[in-house]
Amino acid sequence: MESAENDIFKKAKQILQDIQGEYFKEKNIDKKIVFEEYRLLRGGDTVHPTWVVCVNEPVFGVSQFLEISDITNEPLIWRTSMVSAFEIKKDTNGKYFIKK
């Protein structure tokens, strides 16, 4: 484990603020952040250390999961129950967005 949970929480806030804009509310981030090591879908047999941040969406009553790499501290994917997954990218200004 290379990153501290507090650092991942700060990173998750930054990512979610960029993606959700005016709809972002810090209180929707579950304070329990989970560290896991698992195989990436595109990585074959490579095990990747990952932080999973749960975001509760009170309006629709769904949970969303932001997965952040422990190695790079960059987002890997954002999963929701309505749509399977979104890939997150960073533009030249350092702002995160969902790849469409």
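Selection of segment 2-16 for residues being open to solvent by less than 50 Å² (accessible area, probe 1.4 Å), within 11 Å of the chain's Cα centre (by Cα) and farther than 13 Å from LYS32 by Cα yields LYS11, ILE15, LEU16. Residues in segment 28-55 that are within 20 Å of TYR96 (Cβ to Cβ) and in contact with a strand residue (DSSP E or B) (Cβ under 9 Å, 6 or more places away or on another chain): ASN28, ILE29, ASP30, ILE33, LEU40, HIS48, THR50, TRP51, VAL52, VAL53, CYS54, VAL55. Does any residue of segment 84-98 turn out to be of a type outside the set (A, V, I, L, M, F, W, C), open to solvent by less than 20 Å² (accessible area, probe 1.4 Å) and outside any strand (DSSP E or B)? Within segment 84-98 (the criterion being of a type outside the set (A, V, I, L, M, F, W, C), open to solvent by less than 20 Å² (accessible area, probe 1.4 Å) and outside any strand (DSSP E or B)), the answer is no, since none of the residues qualifies.
Applying the condition of being among the basic types (Lys, Arg) and open to solvent by 100 Å² or more (accessible area, probe 1.4 Å) to segment 17-52 and asking which residue is modelled with the lowest pLDDT yields ARG42.
The values are calculated or read from the model by the stated rules, or taken from the named source; none is laboratory data. Keep in mind that what you see is a predicted model, and the values were worked out from it rather than measured. Heads up, the Cβs are rebuilt from the backbone with ideal geometry, glycines too, and the neighbour counts pull from every protein chain shown. All accessible areas refer to the heavy atoms of the entire protein, side chains included, with ligands and DNA or RNA removed. Shrake-Rupley method; radii C 1.70, N 1.55, O 1.52, S 1.80 Å.
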